[in-house]
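The values are calculated or read from the model by the stated rules, or taken from the named source; none is laboratory data. This one's a predicted model, so the numbers in the text were calculated from it and none came from an experiment. Note that we place each Cβ from the backbone using ideal geometry, even for glycine, and neighbour counts take in every protein chain shown.
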Amino acid sequence: MASFEECVSFPLRNCPLFTEKNVILKAKQLETLRALYDNQDCISILPTGYGKSMIFQLLPWFSQCKYAKDKPMTAIVVSPLNSLMEDQVRSLRKNGIRACCLNITGTHGFTFNEGNIDTDPELEGDDEELQPTVVQCDVPFDELKNGEFTLVYSHPQALINTKFSRVLRSQSYQEHVCAIVIDEVHMVSEWGDEFRPAFKRLGEVVCVFDSTFHLLLTATVTPKSVQDLTKQMCLHSPIIVSENVDRPNIFLDVRNRIPNIHKFEKYDDLIEPIASERKTKKHLFPVTIMYVESLEAMGYFFQYTSYALQGDSYDGDDIPENRIFAQYHKDYPDSMKQVILTELTKENPKIRLVLATVALGMGVNAPSVDRIIHCRPPTTLEKYLQEIGRAGRLGQKSTAVMYFNKNDIAKNRKGMSEDMVLYCNHKGCLREMLVNHFGFDRCVFSGPKEDCCSNCKSLVLLHD
Ligand SMILES: [Zn+2]
């Protein structure tokens with residue numbers, strides 16, 4: 001059998017995703033691979049942006065080398081989010097990798113190919129610059145069955161009591177499969193009961209593939225949930241690989257806001273400083289995602305900002321694509337959502353303020369984001385950590401500001417966790433509390449106190 005070192009270097013030399021780049025695997029990626037190589041189940045808890053996807057994307061080649069197969073094997077990646085799966089499949093296809101998604105009912109697969117814009121009837125007569133487009137296309141079930149795809153992305157539902165779940169049980173298919181990967185696994189406990197019953201039954205799928213790699217991935221999970229997951233997912237004494245959740249480049253700032261009875265004063269108090277900062281700082285305005293509590297608040301903030309900026313609302317001609325601030329919510333047109341997401345991947349985006357609901361969420365690749373503002377706390381510290389983790393992805397100095405009032409952290413708010421209440425009212429170091437909550441003894445941060453969190457900073461100011 002090939003050595004561990006051979007198995008690690010094989011994908012880097014043979015998988016088109018990595019061959020062009022000078023990829024060096026990080027310590028925790030290697031630790032995860034090591035556990036799998038040793039046939040241990042593994043739960044890897046790594047912060048957003050660490051490179052979790054890379055681990056499973058190289059598994060088909062890793063196992064090809066380990067088991068001396070003549071082609072890459074198949075990794076099945078379970079994820080609860082369409083957007084996340086589709087984005088990955090699109091980008092894998094661009095790199096020439098055989099990747100596809102299963103449809104939610106597990107009856108067929110689909111993937112993405114470069115389309116020809118000329119043949120798209122909807123765009124006829126449109127004289128805009130021609131751009132390559134990506135079209136979705138079906139994958140014949142037989143190709144799926146014959147293991148012709150190296151990465152198969154699936155909803156939990158698609159694997160439970162479906163046409164595809166019968167394929168999973170066949171001996172011939174199992175010979176192709178090297179790994180069952182469950183991504184964003186914290187959702188099993190978070191959404192499990194009410195939202196995604198199938199997620200809880202994933203343990204059955206894990207059991208079917210007794211001799212393949214079992215890998216669970218997440219950015220945020222507490223030690224208690226690790227135990228629950230191990231049981232639910234039928235893992236055998238898994239190796240836990242974890243990187244400290246602390247993000248030393250993010251300043252943590254918790255502030256009071258005006259009580260709910262003064263609704264519009266409360267809104268004004270939140271948006272006024274942002275709108276005027278946006279106006280004065282222009283291109284130096286930190287790229288900001290501002291999570292708002294409701295569509296009403298979003299509408300109000302959007303109008304307020306438009307009014308405050310007047311003629312300065314656009315970078316270039318007055319067309320929607322040039323607006324320097326944007327709103328993002330579930331029912332917003334997909335085409336506009338895409339414009340925003342594309343802008344946020346740029347180093348110097350035109351859109352520097354996005355008013356958003358949590359629909360702007362997981363899997364969003366927005367390296368330029370410098371600041372996250374929560375107008376109201378999320379209900380759990382897990383969600384909070386996920387959401388602030390969208391700032392500072394390139395290591396740049398960033399800020400996470402969270403506002404709260406008594407209503408926001410009232411016991412009767414649905415889903416409100418005791419830990420979030422404690423965090424909001426905490427008088428000591430916020431970073432320390434957050435890091436402890438996720439089971440670590442100490443922070444990674446080692447800079448001056450005033451760069452740590454709002455509580456540490458105010459102590460410094462007090463003593464000065
Ligand atoms: Zn602190």
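Only residues that are touching a Cys at 6+ places or on another chain (Cβ under 9 Å) and assigned to a helix (DSSP H, G or I): list them for the stretch 1-33, please.
Correct list: E6, C7, V8, S9, F10, P11, N14, E31, T32, L33.
Looking for whichever is under 30 Å from V185 (Cβ atoms) and without any contact (Cβ under 8 Å) to a residue 40 or more places away in the chain here; the options are V369, V364. Which one fits?
V364
Taking into account only those residues within the stretch 148-161 that are outside any helix (DSSP H, G or I) and at pLDDT below 90, which is nearest to N113 (Cα to Cα)?
H155
Name the residue, out of A359, A297, that is modelled with pLDDT under 90, under 21 Å from M402 (Cα atoms) and assigned by TED's automatic domain parsing to the domain that holds M402.
After applying the criteria, what remains is A359.
Any idea which of T305, T379 is more than 19 Å from Q396 (Cβ to Cβ) and surrounded by 20 or more Cβ atoms within 10 Å (Cβ to Cβ)?
Testing whether each residue is more than 19 Å from Q396 (Cβ to Cβ) and surrounded by 20 or more Cβ atoms within 10 Å (Cβ to Cβ) leaves just T305.
Taking into account only those residues within the stretch 441-459 that are exposed (fewer than 14 other Cβ atoms within 10 Å of the Cβ) and more than 11 Å from G428 (Cα to Cα), which is farthest from the ligand (Cβ to nearest atom)? Show your work before the answer.
First, the residues of the stretch 441-459 that are exposed (fewer than 14 other Cβ atoms within 10 Å of the Cβ): 441-442, 446-448, 458.
From what's left, more than 11 Å from G428 (Cα to Cα): 441-442, 446-448.
On the way: D441: 15, R442: 12, S446: 12, G447: 10, P448: 11 Å.
It comes out as D441.
Here are the criteria: (1) assigned to a helix (DSSP H, G or I); (2) more than 21 Å from E387 (Cβ to Cβ). Tell me which single one I258 does not satisfy.
(1)
Tell me, please, whether a residue that is closer than 16 Å to T212 by Cβ, in contact with an Asp or Glu (Cβ under 9 Å, 6 or more places away or on another chain), modelled with pLDDT of 90 or more and not acidic (D, E) can be found in the stretch 50-58.
Checked the stretch 50-58: at least one residue is closer than 16 Å to T212 by Cβ, in contact with an Asp or Glu (Cβ under 9 Å, 6 or more places away or on another chain), modelled with pLDDT of 90 or more and not acidic (D, E).
Please determine whether any residue of the stretch 111-129 is within 24 Å of the chain's Cα centre (by Cα), part of a helix (DSSP H, G or I) and at pLDDT below 85.
no
Identify, please: which residue in the stretch 220-255 is within 16 Å of the ligand (Cβ to nearest atom) and in a loop (DSSP other than H, G, I, E, B) and is, among those, surrounded by the most Cβ atoms within 10 Å (Cβ to Cβ)?
Of everything passing the filter in the stretch 220-255, R247 is surrounded by the most Cβ atoms within 10 Å (Cβ to Cβ).
Quick one: what pairs do we get from the stretch 322-349, first residue touching a residue at least 24 places away in the same chain (Cβ under 8 Å), second of a type in the set (S, T, Y) and assigned to a helix (DSSP H, G or I), C-beta under 6 Å, 6+ apart or different chains?
From residues that are touching a residue at least 24 places away in the same chain (Cβ under 8 Å), the pairs are R323/S313; F325/T305.
Of everything in the stretch 413-429 that's part of a loop (DSSP other than H, G, I, E, B) and surrounded by fewer than 19 Cβ atoms within 10 Å (Cβ to Cβ), which residue is nearest to the ligand (Cβ to nearest atom)? Step through it out loud before you land on a result.
Step one: list which residues in the stretch 413-429 are part of a loop (DSSP other than H, G, I, E, B), which gives 413-417, 426-429.
Next, only the ones that are surrounded by fewer than 19 Cβ atoms within 10 Å (Cβ to Cβ) stay: 413-417, 426-428.
Numbers: R413: 26, K414: 30, G415: 26, M416: 24, S417: 21, H426: 10, K427: 11, G428: 8 Å.
So, considering only residues that are part of a loop (DSSP other than H, G, I, E, B) and surrounded by fewer than 19 Cβ atoms within 10 Å (Cβ to Cβ), the one nearest to the ligand (Cβ to nearest atom) is G428.
Residues are listed down the side, and each one gets a yes or a no for (1) of a type in the set (A, V, I, L, M); (2) surrounded by fewer than 23 Cβ atoms within 10 Å (Cβ to Cβ); (3) in contact with a Ser or Thr (Cβ under 9 Å, 6 or more places away or on another chain):
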site: S335; (1), (2), (3): no, yes, no
site: V339; (1), (2), (3): yes, yes, no
site: E347; (1), (2), (3): no, yes, yes
site: L353; (1), (2), (3): yes, no, yes
site: P367; (1), (2), (3): no, yes, yes
site: Q386; (1), (2), (3): no, yes, yes
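Counting only residues that are under 30 Å from the mean Cα position of the chain (by Cα) and not in a helix (DSSP H, G or I), how many does the stretch 299-318 have?
Number satisfying all stated conditions: 2.
Counting only residues that are touching a residue at least 60 places away in the same chain (Cβ under 8 Å) and more than 14 Å from N365 (Cα to Cα), which one in the stretch 82-97 is surrounded by the fewest Cβ atoms within 10 Å (Cβ to Cβ)?
Among those that are touching a residue at least 60 places away in the same chain (Cβ under 8 Å) and more than 14 Å from N365 (Cα to Cα), it is G96.
Okay, residues lined up against (1) under 20 Å from V221 (Cα atoms); (2) in a loop (DSSP other than H, G, I, E, B); (3) away from the ligand (no atom under 16 Å from the Cβ); (4) not assigned by TED's automatic domain parsing to the domain that holds I258:
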residue: T399; (1), (2), (3), (4): no, no, no, no
residue: M402; (1), (2), (3), (4): no, no, no, no
residue: K411; (1), (2), (3), (4): no, yes, yes, no
residue: R431; (1), (2), (3), (4): yes, no, no, no
residue: V435; (1), (2), (3), (4): yes, no, no, no
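Working carefully through the options P72, P16, P47, find the one that is more than 21 Å from the chain's Cα centre (by Cα), assigned by TED's automatic domain parsing to the domain that holds L229 and surrounded by 19 or more Cβ atoms within 10 Å (Cβ to Cβ).
One residue alone meets the criteria, P72.
Considering S446, S398, S368, S417, which residue is under 30 Å from E265 (Cα atoms), out of contact with any Phe, Trp or Tyr (no Cβ under 8 Å at 6 or more places or on another chain) and among the small types (G, A, S)?
Only one candidate passes the filter, namely S417.
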